[in-house]
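Values quoted throughout were computed directly from the atomic coordinates according to the rules given, and no laboratory measurement underlies them. Bear in mind that the values here come from a model prediction, so they are computed numbers and not experimental data. Glycine gets a Cβ as well: all are built from the backbone with ideal geometry, and neighbour counts include every protein chain shown.
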Amino acid sequence: MLSLTLHIAFLSVWAASLVYFPFLFLERSSTESDERDNRLILLQRWIYAKIMTTSALATIAAGTWLVFERGFSGGWLHVKLALVLLLVLFHVYCGHLMFDRRRGRIRRPLFYALLSLVPVTAILAVLILVAGKPL
């Protein structure tokens, strides 16, 4: 029970940060103040390093603990793990975008606005799989 509770708690923090992070890019693309942009850069780095990455690692650790505790059965779990891999790749891509932005590569605001749809869609799919366990 503890492993499931920890998994859900860490996943909630990770999921929230994955959804919020693209909006920081959007906010930075609309700011005209260098001081505000510098504060947003610091906030973005802090969220990425301290919150997103830490909660991602804790989510994966608790999820691994769950698999060893309850077993690896059901086709739904394979699909869920593929979606988790997608979320991990999205996480890494956000870090890549952060470094691109530091080098001066700025994408259109619409790109950053639509970017948040990736984790939202994946997280909803994971929730549907976990709740229904259809396969």
### Message
Place a point 7 Å from Cα of Leu124 in the direction of its Cβ. Which residues in segment 1-25 have their backbone N less than 17 Å from it?
### Response
15-16, 18-20
### Message
As I understand it, the value is the acute angle between the Cα axis of helix 53-70 and the longest principal axis of the Cα atoms of the chain; what does it come to in degrees, rounded to 10?
### Response
10 degrees
### Summary
Nearest 10, in degrees from 0 to 90: the angle of helix 2-30 to the longest Cα principal axis of the chain is 20 degrees
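Filter the GluC sites (Glu not before Pro) in segment 11-66 to those in DSSP coil with at most 10 other Cβ atoms within 10 Å of their Cβ, and list the result. It would help to have the intermediate numbers written out before the result.
Values: sites: Glu27, Glu32, Glu35; in loops: Glu32.
Taking segment 11-66 and a limit of 10 other Cβ atoms within 10 Å, the loop GluC sites (Glu not before Pro) found are Glu32.
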## Note on the structure
Rounded to the nearest 10, the angle in degrees between the Cα long axis of helix 34-46 and the longest principal axis of the Cα atoms of the chain comes to 20 degrees
### Message
Only sites in a loop by DSSP and with at most 16 other Cβ atoms within 10 Å count here; which trypsin sites (Lys or Arg not before Pro) in segment 63-121 make the cut?
### Response
Arg103, Arg105, Arg107
### Task
Would you mind giving the three semi-axes, in whole Å and largest first, of the ellipsoid equivalent to segment 1-66 according to its Cα gyration tensor?
31, 10, 7
### Task
Round to a whole angstrom and tell me the spacing of the C-alpha centers of segment 98-132 and segment 50-64.
18 Å
